[in-house]
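Laboratory data are not the source of any read-out in this text; all were calculated from the coordinates shown. Given the structure is predicted, the values throughout are model-derived calculations rather than measurements. Every residue, glycine among them, receives a Cβ derived from its backbone with ideal geometry; neighbour counts consider all protein chains shown.
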Ligand SMILES: Nc1ncnc2c1ncn2[C@@H]1O[C@H](COP(=O)(O)OP(=O)(O)O)[C@@H](O)[C@H]1O
Ligand SMILES: [Mg+2]
């Protein structure tokens, strides 16, 4: 499902080149539920965006759901993401003028879930995460935790093979977060989805089948960060 080799991504910050993400090798099998853990600033978001095809690495092999993303154009990566990947962004990226239901449906526009039953599936997903009474509210009328659950529904509307989540539960109270993650992992397991979650929170990481420490993926030469 995921195969990375010798991946590096740097950012230029003024005069400095900052090595944001370096992965010697990472393999994740179909159906696995994996937590990628690391402290803030260790490149978790950068890595997740590389897996989603939002960012292209400076070098290395990035194979995700059968495609070499490092070789595809931005437009082709966007298409691939729409077809195969559901993404829950750290900052959610919901569109403010639209209701919860419309935001979930917008996810279907860019994917394969745009069939005639999309509204029913969107409503069912929202009901499942406890937002049955809130689907006609806009993001500004929802709590942060509720907005996050809408973002999770939007990621699932296309029934993706791979779900990527960036610190998805950081804004939920413990009980709600635990339940939302539990529901998501159960839905994923039932339909054979692969789930990759990045987090700095060891507690939510223990809910996954496998935990990978980003620091341990770094090639020896890159330990210590920027070069
Ligand atoms: N767009 C950017 N421009 C410059 N530096 C960036 C950019 N995005 C992230 N970085 C830097 O890359 C490193 C990793 O960032 P990030 O992937 O967001 O880490 P994490 O998600 O683990 O907190 C940090 O040092 C951060 O400052
Ligand atoms: Mg981050």
With each pseudo-label sitting 7 Å past Cα toward Cβ, what's the residue 213-residue 63 distance in nm, one decimal? 2.8 nm
One would report the Cα pair-distance distribution of the range 135-220, bin width 10 Å, in %, as 15, 47, 29, 7, 1, 0
Kindly express, to the nearest 10 degrees and within the range 0 to 90, the angle between helix 100-109's C-alpha long axis and the longest C-alpha principal axis of the chain. 60 degrees
Taking Cα centroids, how far is the range 42-59 from the range 111-155 in Å? 26 Å
Contact order relative to length of the range 90-166, as percent, for alpha carbon pairs under 8 angstrom and 6 or more apart: 46 percent
Candidates 43, 111, 66; GNM for the chain (alpha-carbon contacts under 10 Å) flags as most fluctuating 66
Which values, in whole Å and largest first, are the semi-axes of the equivalent ellipsoid of the chain obtained as the square root of 5 times each eigenvalue of the Cα gyration tensor? 29, 19, 17
Given the options 137, 80, 49, state which has the largest fluctuation in a GNM of the chain using a 10 Å cut-off (strictly under) for Cα springs. 137
Report the label-to-label distance for residue 83 and residue 141 in nanometres (one decimal), using points 7 Å from each Cα along the Cα→Cβ vector. 3.8 nm
Tilt, helix 174-190 to longest principal axis of the chain (alpha-carbon atoms), in degrees rounded to tens, equals 90 degrees
Could you sort 104-110, 127-133 so that the peptide with the highest average Cβ count within 10 Å comes first and the rest follow in order? 104-110, 127-133
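How high is the relative contact order of the chain? Use alpha-carbon pairs under 8 Å, at least six apart in sequence, and give a whole percent. Show your work: numbers first, answer last.
Working: 431 pairs, mean separation 69.0, N = 227.
Computed over the chain, the figure is 30 percent.
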In nanometres, what is the gap between the two model label sites at residue 159 and residue 191, each 7 Å from Cα along Cα-to-Cβ? 0.7 nm
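Give the calculated FRET efficiency between residue 178 and residue 32 to the nearest 0.05, with a Förster radius of 22 Å applied to their Cβ-Cβ distance. Each step should come with its number before you reach the end.
On the way: r = 20 Å, r/R0 = 0.93.
E(calc), rounded to 0.05, equals 0.60.
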Could you work out how far helix 74-84 tilts from the main Cα principal axis of the chain, as a 0 to 90 degree angle to the nearest 10? 50 degrees
